[in-house]
1. Give the number of residues within the stretch 64-86 that are surrounded by 11 or more Cβ atoms within 10 Å (Cβ to Cβ) and over 18 Å from K11 (Cα atoms).
2. Which numbered condition in (1) under 10 Å from the mean Cα position of the chain (by Cα); (2) of a type in the set (D, E); (3) surrounded by fewer than 16 Cβ atoms within 10 Å (Cβ to Cβ) is the only one that E15 fails?
3. Quick check on S43: is it in contact with a helix residue (DSSP H, G or I) (Cβ under 9 Å, 6 or more places away or on another chain), under 22 Å from S5 (Cα atoms) and polar (S, T, N, Q)?
4. Hey, any hits in the stretch 34-43 for a residue that's surrounded by fewer than 13 Cβ atoms within 10 Å (Cβ to Cβ), more than 12 Å from E10 (Cβ to Cβ), without any contact (Cβ under 8 Å) to a residue 24 or more places away in the chain and in contact with a Ser or Thr (Cβ under 7 Å, 6 or more places away or on another chain)?
5. With (1) open to solvent by 50 Å² or more (accessible area, probe 1.4 Å); (2) at pLDDT 85 or above as the list, and I21 as the residue in question, which single condition is left unmet?
6. Suppose the filter is closer than 12 Å to A17 by Cα and surrounded by 10 or more Cβ atoms within 10 Å (Cβ to Cβ); does K58 pass it?
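The values are calculated or read from the model by the stated rules, or taken from the named source; none is laboratory data. These numbers were taken from a predicted model, which means no experiment stands behind them. We place every Cβ from the backbone using ideal geometry, glycine too, and count neighbours over all the protein chains shown. These accessible areas exclude ligands, DNA and RNA; they are computed on the full protein's heavy atoms, side chains included. Shrake-Rupley method; radii C 1.70, N 1.55, O 1.52, S 1.80 Å.
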Amino acid sequence: MDLSSTAWCEKVYIETAEHIICGFIFVPKTGKQSRVISDILSSGKDFIAVKDCTLEYKNDTRKPIENHVFLQVNVASILLMRPYNE
């Protein structure tokens with residue numbers, strides 16, 4: 001399935017109390033692309049899917065940065081979420 005035709009994609013930076021996650025989120029192409037992040041955070045869902053992402057441990061920098069194809073992030077744990085600027 002080609003997600004580019006059915007969903008908006010946005011690379012995001014997500015910060016929780018323990019982790020920094022950088023990866024891609026997707027929402028259906030039913031609204032404006034500029035509202036991808038706010039639509040996800042206000043969707044009422046408990047978890048969001050993040051694809052092709054990295055996971056960094058904030059409190060233990062000795063741990064290596066992990067690469068994941070898919071993570072589910074609890075929305076209640078998100079302190080900050082913004083578009084990712086490399």
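1. 1
2. E15 satisfies all of (1) under 10 Å from the mean Cα position of the chain (by Cα); (2) of a type in the set (D, E); (3) surrounded by fewer than 16 Cβ atoms within 10 Å (Cβ to Cβ) except (3).
3. For S43, the condition - in contact with a helix residue (DSSP H, G or I) (Cβ under 9 Å, 6 or more places away or on another chain), under 22 Å from S5 (Cα atoms) and polar (S, T, N, Q) - is met.
4. Taking every residue of the stretch 34-43 in turn, none turns out to be surrounded by fewer than 13 Cβ atoms within 10 Å (Cβ to Cβ), more than 12 Å from E10 (Cβ to Cβ), without any contact (Cβ under 8 Å) to a residue 24 or more places away in the chain and in contact with a Ser or Thr (Cβ under 7 Å, 6 or more places away or on another chain).
5. Result: I21 fails condition (1) only.
6. Taking the combined requirement at face value, the residue satisfies it.
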